[in-house]
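No value in this document is a laboratory result; all are computed from the given coordinates. Just so it is clear, the model here is predicted, and its values are computed rather than measured. We place every Cβ from the backbone using ideal geometry, glycine too, and count neighbours over all the protein chains shown.
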Amino acid sequence: MAARSIASLSLSFGLVSIPVKLYSATESSAAIRFRLMSPGGARVRQQYVADAASSRAPDEPEIDTQAAEEPELPPDRDEERQPSRRREVEAELAPPRGRSAASRVIDFPALRHEPARVPAREPDPAEPAVLERSEMVKGYEYEKGRFVLFTPAELKALEAGSRQTIDIVSFVPEHSVDPLYYDKAYFLAPDKRGAKPYSLLLRAMRETRRCALAKWAFRSKEYLVQIRPAEGGMVLQQLLYADEVRSIADLDIDLVEVGAAELELARRLIEQTSVESFDPTQYVDEEKQRILAAVERKIAGKEIVASGDAHRPSAAQVVDLVEALRASLQQRAASARAGDKAGERKSALGERKPARRAPAKSAKSAVPAKSAPRKGRGSGS
C-alpha cells in the first residue's frame, strides 16, 4: 500500500523554496486499545456532569429568594424598584443550574408575549447537572478553583494560522539536539520540481554535518522542528520547547565515587554486550505479542494463563556489586561458549553431508576402471 502524504509544504532555505510533501514516520495503531464496557458486554458512553458547587458562573449573582416573594409594584408608584423586579423575573425563569452561560440570556420582549414555563420539579442544587457536549465551554484555571471562560470564537482567534511553509532559521551541529527534546517524527520527500533543491540541501547538510532548526505552524499550533539528513532523504522532527522538558537537576541525584575494580569489571561487561549498530528488527514488543495471544485464547474460549515473568526475582536484591559483575561476566562467557559449541555442531553436521555422497561418486568412477583391462587384453591378443 502506497504511503499517503499528510500535506504539501514549502521548505524555505534562504531565498530558495523547496516544494516538499509530508509523511508520517511512525504508526500509532501499533498500540492495543481496550474499550470500556459493561459486565454484560455492552458499550458504555461517557457522560459529563457539572459539580453542584461550581454550577454557578463566577460573576453570577446570588438569587434573593425573599425578594422574589414580594408583591409586584405598579410601575408608576416606585420606578426605583423596576431593576429589582427584572432580576426577580429572571430568577423565576432561569434554567436549572449547570446549563451553559449562553442559555441564561433572557429576552425580555419575548417574555411579554410568551407564558412562563413552570418546571416539573424544583432542581436540587446539590445534584450534579448532566451536560451535553454542545452546552460546555472551555475554561483556564488561573488559581485553585478559579477559572476564566472562553467562547469557541475567542479560542479560534487565539489559534496560530496554519502556514504552508517551513522556515529554516539556523543550522546547528547534527548531534547538538538532545533526543530528550524529540517529539513526533515525519518524513520529507520532494514534490514536483523539488528534486534538485531537495538533493542540494540534503548533500550540503551531510557534508557540513549540520541539521536545520525551523519554525512551522500546523493545525493551529506553531512548532519548533529539526530537519536532519537520514538514509535516503530528510526527517522533520518536532521538538519540545524548553518549558516542556524537565531538568534532571531538579531530582538532586547524589553521585558517589566508584572503585577501580568495579569500574574495570563494568567496562568488560559493556564490551562483551556491545554491538556495532542499532537494529530495531532484533527487538519485538513482547507485551503486545502476549496480549494478542491472550485475545486469541479468549476468542477460542480458553482461559488466560499467568505470565512466566510474574515471579522472577528482582535484580534489586544484589548486595555485593563486584560479585554481581563477576557473575554477569561468567554468565556471558558461558553463553558465548554454548553458542560456539552449537556453531561447531552445525558446522560438523554440514561437513558430514558431502561425506555421505562420496560412495556414490566412487561407484561411478569404478565403471571405467573395469573396462580398462578389457581394452588392454584385446590389444594384446
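Between S8 and Q289, full extension at 0.36 nm per residue minus the direct alpha carbon distance yields a gain of 97.5 nm. You can think of it this way: the chain between V49 and T281 has 78.8 nm of extra reach, that is 0.36 nm per residue less the Cα-Cα gap.
Near S5: Cβ cut-off under 14 Å, other residues only, Lys/Arg at +1 and Asp/Glu at -1. The net charge is +2. Subtracting the Cα-Cα distance of A324 and E303 from 0.36 nm times their residue separation leaves 3.7 nm of extension gain.
Extending 7 Å from the Cα toward the beta-carbon at both E135 and L200 defines two label points whose distance is 6.1 nm. Modelled spin labels at K156 and A260, positioned 7 Å past Cα toward Cβ, are 7.4 nm from each other. In this structure the amide hydrogen of D191, modeled in the peptide plane, comes within under 5 Å of the amide hydrogens of V20, K21, none closer than 5 places in sequence on its chain.
Sort 35-43, 135-143, 198-206 for me by packing, meaning the mean count of neighbouring Cβ atoms within 10 Å per residue, highest on top.
Ranked by mean Cβ neighbours within 10 Å, highest first: 198-206, 135-143, 35-43.
Tell me the net charge near Y182. Cut-off is 13 Å between Cβ atoms, Y182 excluded, with +1 for each Lys or Arg and -1 for each Asp or Glu. That works out to -1.
Computed from the C-beta positions of T273 and T165 and an R0 of 51 Å, the FRET efficiency is 0.65 to the nearest 0.05.
Dividing the Cα radius of gyration of the stretch 127-192 by 2.2 N^0.38 Å, with N the residue count, gives 1.91.
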